[in-house]
Amino acid sequence: MSTPQGARISTAQLAAAVLFLAIGVTFLSVGLSLRTPSGFAITIIGFFMMCGGAVTLVSMQMRRLPNNRPTSAVGERYCPACGTGNARSYAFCQKCGKPLPKPT
Ligand SMILES: [Zn+2]
């Protein structure tokens, strides 16, 4: 109960990504306001930090959403005796030889 399945993404990782994004935006705006070569460099750094934070956030969201594991029961016939998963075409268990139930 202490570690719920939904909270697999560490909050530290999330905080780091948001921090990167925030610092990147700050650098970007500061760099743009400075009309100097160093300001340009700060803009570039800020841009990359922003991108890094954004990409990290997006990838974290992507990892969280499609958590539906493939339904392994589809196309397989499980042996009632030993529990081995057999291909749908098999009539008998490949491990113990017991007849498999007909696929519904
Ligand atoms: Zn079996």
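Does F92 satisfy the condition of being at pLDDT 90 or above, among the hydrophobic types (A, V, I, L, M, F, W, C) and within 31 Å of the chain's Cα centre (by Cα)?
no
So that you can scan it fast, the table gives a plain yes or no per residue for (1) of a type in the set (K, R); (2) more than 30 Å from K102 (Cα to Cα); (3) at pLDDT below 90; (4) within 21 Å of the chain's Cα centre (by Cα):
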site: Q5; (1), (2), (3), (4): no, yes, yes, yes
site: A16; (1), (2), (3), (4): no, yes, yes, yes
site: L32; (1), (2), (3), (4): no, yes, yes, no
site: R35; (1), (2), (3), (4): yes, yes, yes, no
site: V58; (1), (2), (3), (4): no, yes, yes, yes
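Exactly one condition in (1) exposed (fewer than 14 other Cβ atoms within 10 Å of the Cβ); (2) at pLDDT 90 or above is false for T104; which is it?
(2)
The values are calculated or read from the model by the stated rules, or taken from the named source; none is laboratory data. Bear in mind that the values here come from a model prediction, so they are computed numbers and not experimental data. Virtual Cβ from ideal backbone geometry, glycine too; neighbours counted across all protein chains shown.
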